[in-house]
Amino acid sequence: MLDPHRLRILRSVIANGSIQAAASHLGYTPSAISQQVALLQRETGLTLFEKAGRGIVPTSYGTALANESDEVIASLGRLAGVVADLREGVTGRLTLGYFSSAGSTWVPWMARKLMDEFPQLRLELNLNELPAGQQPILPDIDVIVQSQYHQRAVPKGYRQLPLADDPYVAVVHRSHRLSGAGEVPLRELREEAWVDNDFVDGHCRQVMMGACDAAGFSPRFLVQAQDHHTAIAFVAAGIGVTILPSLAARKLPEAVCAIPVVDPEPIRQISVLVKDSIAHRPIGKRAVELLHECVTIPLMAS
C-alpha cells in the first residue's frame, strides 16, 4: 500500500515545480522532501522525476500517479474531517449535492436554515455537475435534474422524491422585438443569434437542443458561454438571445427580460435523491422539507 503522505509530497513537488519550493510550502527541508520522493519511487518501482537543467520535472509515470491519486487524497481529506468532527463533539454530518442554478437560488438559504436549526451539524455542499467521465461521490442528499432526454436510475440505497418541473424561458434584451410577449413559440427564435450557456453540453442543454430538434431547426450559436450568468451578460449587452431553465433566470439585470417558451415547451424535472439511512432522521426530513419550501415559497430562497 502506498504511503498517502508521500503521495501528497509528490503532488506538492509537481505543483510547485521544484523540491525546494515544495519544502518551503510544506515546512520541511529539501533533503527530507528528496528522501520521501526516493522512498515513493522505491515503493512504486517507477521513476517519478527526471533531471532537466538544474532542476527536475515529473516523468509521465509521476504525472499519472499524481493525477490518479486525486480521489484517494480527497477521500482521506473527508476521513480526516470525520475524525475532526468526532474530536470536536460534532453530532451530525450531512453531505448535499446540488446543480448550479439550485446553488444560486435554493441552497444558500437552505444551508443557513439547517445550520441555524442544527448547530452541531457539519454540512458539506458539493456541486454535482462534473466534467464528462468524472464520477461524483454520492452524497446523503442529492438535488438532481432529469428530462425526457436524460433519465438516471435511482442508486441502490436511495429513494427519489419529485420536487418541481422547471420550464425554460427565452432571455432577450428589452429592445428586442419579442420583449414584453406573454410567450414565444420556439420556432420564432430559429433565425436569432443564440448565446450558448452550457459549453460542456450538460443535461440542461440537451433539453434545449431536444426541443429545437422537435421544432425542426438547429440554433445558430454566435457566442459560447460557460454558464448562465455569462450568457445573460452577453444578452444584456445586446448580443443574441439565450434559453434557460426558469430557475436560472430568476435574477436578471434590468436590461433583459424572460419570456416563457412554448410549442414545444422545453422542461426539466427537479428531484431529490435521499439516502435510505438518513431519510427518517430529523436532519434528513428537515432538509427535504426545506427543499419543498424553496419550491412552494420561491421568494424565501431567492
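Observations on the model:
- Rounded, prolate or oblate (a/c below 1.5 giving rounded, otherwise prolate when a/b exceeds b/c) for the range 4-71 by Cα gyration tensor: rounded
- Three semi-axes of the equivalent ellipsoid, the range 95-199, Cα gyration tensor, whole Å, largest first: 34, 19, 13
- Likely footprinting exposure, 204, 294, 257, fewest C-beta neighbours within 10 Å first: 257, 294, 204
- Global dimensions of the chain from alpha-carbon coordinates: Rg and Dmax equal 24.3, 71 Å.
- For the pair residue 279 and residue 51, the difference between a 0.36 nm per residue extended length and the Cα-Cα distance amounts to 76.6 nm.
- Extent along the principal axes, Cα only, for the range 180-302: 52, 31, 28 Å, with the longest axis given first.
- Inter-label distance, nm, simple model (7 Å from Cα along the C-beta direction), residue 152/residue 120: 3.2 nm
- Across all C-alpha atoms in the range 203-266, the radius of gyration and Dmax reach 11.8, 32 Å.
- Segment residue 252-residue 67, extension gain: residue separation times 0.36 nm, minus the distance between their alpha carbons: 62.7 nm
- Loop-exposed trypsin sites (Lys or Arg not before Pro) per DSSP, neighbour cap 12 Cβ within 10 angstrom, longest uninterrupted part of the chain: 55-151
- Here the calculated FRET efficiency for residue 44 and residue 127, from their Cβ-Cβ distance with R0 = 25 Å, stands at 0.20, rounded to the nearest 0.05.
Laboratory data are not the source of any read-out in this text; all were calculated from the coordinates shown. On a predicted model such as this, the values are computed, not experimentally measured, just so you know. Heads up, the Cβs are rebuilt from the backbone with ideal geometry, glycines too, and the neighbour counts pull from every protein chain shown.
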